[in-house]
Amino acid sequence: MKIAVMKETHPGETRVPMIPPTVAKLVKLGAEVVVETGTGLTCRHQDSDYTAAGAVIGKSREEMLGSADMVLRLRKPPKEEIGRMKRGCIHVSYLDPFNEQELVDALVEAGISAVSLEMIPRSTVAQKMDVLSSQANLGGYVAVILAQDHLDKVFPMMTTPAGTIKPARVFIIGVGVAGLQAIATARRLGARVEAFDTRPVVEEQVRSLGAKFVKVDLGETGQTKDGYAKELTPEQLRKQKEGMARACAQADVVITTAQLFGRPAPRIIDRPIIAGMQPGSVIVDMAVETGGNVEGSEVDKVVDIEGVKVIGLGNLPGRVARTASQMYSANLGNFVDHFWDREAGTFRLDLENEIIRGALITHDGALFSETYKSIMKK
Ligand code: NAD
């Protein structure tokens, strides 16, 4: 089985899809791995490191795509490369399928079996291949480091001969994977942390990390069977904003991570809330790339709104690219390994398997994932 690992082409992307130890793992399984020349350079992995791990270095993208049984990469494939793959080729990457209908159509047309890593179910068995979690975790860490970098105060309490410095106050909205890591990181730096989420089950997790859960009575909220938040009604969102305004006014740093599966992010912090914050405070909008939790935040920019610095930098895991690549690569390697048929010495696309049923978007010239089809119908 020939597996091609493609060099990233997305402008500004610093992460790489696979690092040499994962190549070694796939080679040990019996795969023939071809890695495009220069793939690992942004993370200091040389071609020679990949050859030492058992890969062949591919010089021609065209030839690699045309001969591979499986193509692995990080970001979605460029549209013009879809027709260059063999019919029946298995393609594994981020796909952003809800926003990329044309791309999905092209994958159907080309007969590619496209796995969208975002759609891997959040189950215990699939945790080892869950790129959303591994990358969100790092994103939460980076958000706190960025916030400290833009704040003109220190995070920890300091008792010094020059006086006592109060700890910074950090408020985190949305306590999924990213929010939990943001709480833990801000706590490690000594901040006083508060947090809020619409899923009530989160309260205990917030407390166990030494932070305070902000209570806002929104009535019935709950979560989907996969653990995702349900969308609030306009009235609930209004109530939430009232509750957020109080906590934001006291905070030095607000980090927003709220997302809704398959939908644009909810707009939680509006301009009046920002106007009520202390000048010099900092907001990090981690949802900026999916529509933004904060009114006025801009992708890849730090903007000043009412004297508050609003950080909308995208691809936060890319700021710790070497670690992010190590984790993404491990997720990808675990995915291949999980479905590797050791007797036949090949990857087996098990169409009955729950993970494949969730994440395989296109197969055999048609749409495949029922989850995807039902969300796109709405
Ligand atoms: P996410 O990125 O979809 O959303 C981030 C957070 O925003 C969520 O906690 C969500 O409840 C919250 N949110 C949505 N609307 C909000 C609003 N208006 N105000 C405040 N917060 C709001 O979430 P995620 O990090 O991908 O996690 C989703 C779920 O999946 C969680 O329950 C998590 O524990 C679970 N999970 C399970 C596994 C596993 O079992 N393998 C792995 C990862 C995550």
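The values are calculated or read from the model by the stated rules, or taken from the named source; none is laboratory data. Since this is a predicted model, take the numbers as computed values, not measurements. A quick note on method: Cβ atoms are made from the backbone with ideal geometry, for glycine too, and the neighbour counts reach across all protein chains shown.
Name every residue in region 205-243 that is touching a helix residue (DSSP H, G or I) at 6+ places or on another chain (Cβ under 6 Å) and among the aliphatic types (A, V, I, L, M), in order of residue number.
Leu209, Ala211, Val214, Val216, Leu218
For Gly210, are the conditions met, namely being more than 8 Å from the ligand (Cβ to nearest atom), among the small types (Gly, Ala, Ser) and part of a loop (DSSP other than H, G, I, E, B)?
Yes: the conditions hold for Gly210.
Are there strands (runs of 3 or more DSSP E) fully within region 288-378 with at least 3 residues that are in the same structural domain as Arg122 (by TED's automatic domain parsing), modelled with pLDDT of 95 or more and under 23 Å from the mean Cα position of the chain (by Cα)? List them.
360-363
Within region 188-207, can you find the residues that are of a type in the set (Lys, Arg) and in a helix (DSSP H, G or I)?
Within region 188-207, Arg188, Arg207 qualify.
Could you tell me which of the residues Ser123, Ser93, Ser67 is surrounded by fewer than 23 Cβ atoms within 10 Å (Cβ to Cβ), at pLDDT below 95, outside the structural domain of Lys225 (by TED's automatic domain parsing) and of a type in the set (Ser, Thr, Tyr)? Walk me through how you get there before you give the answer.
On the way: Ser93 fails: at pLDDT below 95; Ser67 fails: at pLDDT below 95.
Of the residues listed, the single one that is surrounded by fewer than 23 Cβ atoms within 10 Å (Cβ to Cβ), at pLDDT below 95, outside the structural domain of Lys225 (by TED's automatic domain parsing) and of a type in the set (Ser, Thr, Tyr) is Ser123.
I need every pair where a residue in region 177-192 that is surrounded by 22 or more Cβ atoms within 10 Å (Cβ to Cβ) has its Cβ under 6 Å from the Cβ of a residue that is at pLDDT below 95 and part of a helix (DSSP H, G or I), sequence separation at least 6 or different chains.
That search, which allows pairs on different chains as well, returns nothing.
Look through Ala31, Ala55, Ala4, Ala24 and report the one residue that is more than 23 Å from Gly318 (Cβ to Cβ), surrounded by 24 or more Cβ atoms within 10 Å (Cβ to Cβ) and out of contact with any Leu (no Cβ under 6 Å at 6 or more places or on another chain).
Ala55
Kindly evaluate Lys239 against the criterion of being in a loop (DSSP other than H, G, I, E, B), among the basic types (Lys, Arg) and more than 9 Å from the ligand (Cβ to nearest atom).
Here the answer is no, as Lys239 does not meet what is asked.
For the condition among the charged types (D, E, K, R), away from the ligand (no atom under 16 Å from the Cβ), touching a Lys or Arg at 6+ places or on another chain (Cβ under 8 Å) and not assigned by TED's automatic domain parsing to the domain that holds Cys248, what is the one hit in Glu100, Glu109?
Selected residue: Glu100, the only one of Glu100, Glu109 that is among the charged types (D, E, K, R), away from the ligand (no atom under 16 Å from the Cβ), touching a Lys or Arg at 6+ places or on another chain (Cβ under 8 Å) and not assigned by TED's automatic domain parsing to the domain that holds Cys248.
Check Leu117 against each of (1) within 16 Å of the ligand (Cβ to nearest atom); (2) farther than 20 Å from Leu349 by Cα and name the one condition it does not meet.
Exception for Leu117: condition (2).
If Gln223 passes every condition in (1) surrounded by fewer than 20 Cβ atoms within 10 Å (Cβ to Cβ); (2) more than 12 Å from the ligand (Cβ to nearest atom) but one, which one does it miss?
Among (1) surrounded by fewer than 20 Cβ atoms within 10 Å (Cβ to Cβ); (2) more than 12 Å from the ligand (Cβ to nearest atom), the lone unmet condition for Gln223 is (2).
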